[in-house]
1. In segment 69-87, which residues are out of contact with any helix residue (DSSP H, G or I) (no Cβ under 6 Å at 6 or more places or on another chain) and outside any loop (DSSP other than H, G, I, E, B)?
2. Scan segment 110-131 residue by residue and report those that are assigned to a loop (DSSP other than H, G, I, E, B), surrounded by 15 or more Cβ atoms within 10 Å (Cβ to Cβ) and modelled with pLDDT of 95 or more.
3. Can you tell me which residue is farthest from Val235 (Cα to Cα) among those in segment 200-223 that are of a type in the set (Val, Ile, Thr) and assigned to a loop (DSSP other than H, G, I, E, B)?
4. Would you check if Leu175 is in a helix (DSSP H, G or I), modelled with pLDDT of 90 or more and touching a strand residue (DSSP E or B) at 6+ places or on another chain (Cβ under 8 Å)?
5. Take the residues in segment 118-143 that are of a type outside the set (A, V, I, L, M) and out of contact with any Ser or Thr (no Cβ under 9 Å at 6 or more places or on another chain), then tell me which one is nearest to Thr105 (Cα to Cα).
6. Identify, please: which residue in segment 142-156 is out of contact with any Pro (no Cβ under 6 Å at 6 or more places or on another chain) and in contact (Cβ under 8 Å) with a residue 40 or more places away in the chain and is, among those, nearest to Phe187 (Cα to Cα)?
Amino acid sequence: MTDTMISRRNLLSLMAVGTASTLASCASSGPVTRGYTITYRDNATQVVDPSMGGGNSELDVMYGQIADGGFVIPAVPYQKIPSQFYRQRVSNSTGQPAGTVVVDTKSRFLYLTESSGTAMRYGVGIGREGFAWQGEGVIQWRQRWPKWTPPDEMIARQPELASYSAKNGGMQPGLRNPLGARALYIFQNGQDTLYRLHGSPEWNSIGKAVSSGCVRLMNQDIIDLFDRVPEKARVVVWQ
């Protein structure tokens, strides 16, 4: 099949529709390794193999293998994740105006509110640091394929991370980097809260409370959020 040039945001907007009941009917899907390739305007590419999907082309694209920034992000075996944590458009039940990011740490959901009375909802995993902060802030800085520098408190708990300290230059970007493919940095009153919205290769941590980190999304979802969220977006975190 001939490769297709398309806007990733437009395609994923079409893909991220439907209800949890519809998505729950999906069968299993293995890693995407062959089939046809979609080439996006930002030069990312995605390989989609319908023969290996679970009969749901939307999810096969949404969580398929992506080549991005010199890295190949593996497909997510989405059938192993509870369907409520799939990326999907829902009614805006947050009470927040359009363009706001809402993190509901208790329910393990992140919402990006939209002007049409809807919101894009993403499943998240919440780490120890993710429970440590609540209130309002702003996305002051954003980074594609960020370095990871564990804070001193984390190094004190896990001394084996000392090689990634700020003094040692942090961990270089990559598939094993805990911040994943994208990171959004939350500030409050001009100060870094040390609270991050970031990608993660650990798809099986979505919907769970995990040992460390802030708010993690699947890499495919943080890329989608990164492309949608407005500059200097307001962030509201609920405990």
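1. Matches in segment 69-87: Phe71, Val72, Gln79, Lys80, Phe85.
2. Scanning segment 110-131 gives Glu114, Val124.
3. Looking at the filtered set, the residue picked out is Val210.
4. no
5. Gly123
6. Looking at the filtered set, the residue picked out is Arg142.
Okay, residues lined up against (1) under 23 Å from Thr100 (Cβ atoms); (2) in the same structural domain as Asp104 (by TED's automatic domain parsing); (3) assigned to a helix (DSSP H, G or I); (4) in contact with a Lys or Arg (Cβ under 6 Å, 6 or more places away or on another chain):
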{"residue": "Trp133", "(1), (2), (3), (4)": "yes, yes, no, no"}
{"residue": "Val138", "(1), (2), (3), (4)": "yes, yes, no, yes"}
{"residue": "Gln143", "(1), (2), (3), (4)": "yes, yes, no, no"}
{"residue": "Pro150", "(1), (2), (3), (4)": "no, yes, no, no"}
{"residue": "Met154", "(1), (2), (3), (4)": "no, yes, yes, no"}
{"residue": "Glu160", "(1), (2), (3), (4)": "no, yes, yes, no"}
{"residue": "Ser163", "(1), (2), (3), (4)": "no, yes, yes, no"}
{"residue": "Lys167", "(1), (2), (3), (4)": "no, yes, yes, no"}
{"residue": "Gly180", "(1), (2), (3), (4)": "yes, yes, no, no"}
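Let's see how each residue does on (1) closer than 17 Å to Tyr78 by Cβ; (2) aliphatic (A, V, I, L, M):
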| site | (1), (2) |
| --- | --- |
| Lys167 | no, no |
| Gln191 | no, no |
| Ile206 | yes, yes |
| Leu217 | yes, yes |
| Val236 | no, yes |
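The values are calculated or read from the model by the stated rules, or taken from the named source; none is laboratory data. Just so we're clear, the structure is a prediction, and the values are computed from it rather than from any experiment. Glycine gets a Cβ as well: all are built from the backbone with ideal geometry, and neighbour counts include every protein chain shown.
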